[in-house]
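Coordinate-derived values only; no laboratory data. Bear in mind the structure is a predicted one, so any value in this text is a computation, not a measurement. We place every Cβ from the backbone using ideal geometry, glycine too, and count neighbours over all the protein chains shown.
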Amino acid sequence: MFTVYILKSLKDLKRYIGLTENLERRIKEHNTGLVKSTKSRRPLELIHIEGFENKIEAQNREKFYKTGAGREYLKKLNL
């Protein structure tokens with residue numbers, strides 16, 4: 001199973017959108033500074049997850065969230 005996840009930085013309140021097969025491991029990597037793009041924005045809080053059966057669907061959802069329309073959708077959800 002593939003998971004699209006959204007993290008919120010408690011430092012600057014910005015979002016990070018990602019995709020993984022192992023959510024627990026990936027969150028740990030983010031919060032221990034192993035991910036270059038979030039290292040300086042720690043601590044991070046998991047605010048949203050969506051599960052998908054295949055990688056293509058998960059990649060499409062991740063891409064959507066990174067578009068202008070996706071960001072607007074997340075605002076409507078208060079994420």
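Stretching the chain fully between Ala69 and His48 yields a gain of 5.8 nm (0.36 nm per residue, less the alpha carbon separation). When the GluC sites (Glu not before Pro) in the chain are filtered for DSSP coil states and for at most 10 other beta-carbon atoms within 10 Å of their beta-carbon, the remaining sites are Glu53. On the principal axes of its alpha-carbon atoms, the chain has extents of 29, 27, 17 Å, going from largest to smallest. Remark: region 1-72 carries a charge dipole of roughly 460 debye about the Cα centre, counting +1 on each Lys and Arg Cβ and -1 on each Asp and Glu Cβ. For the chain, adding -39500 (n - 2.57) for each run of n ≥ 4 DSSP H residues and dividing by the number of residues yields -10500 deg cm²/dmol at 222 nm. What the Kirkwood sum gives for region 1-40 is a hydrodynamic radius of 10.4 Å, with every pair of different alpha carbons counted.
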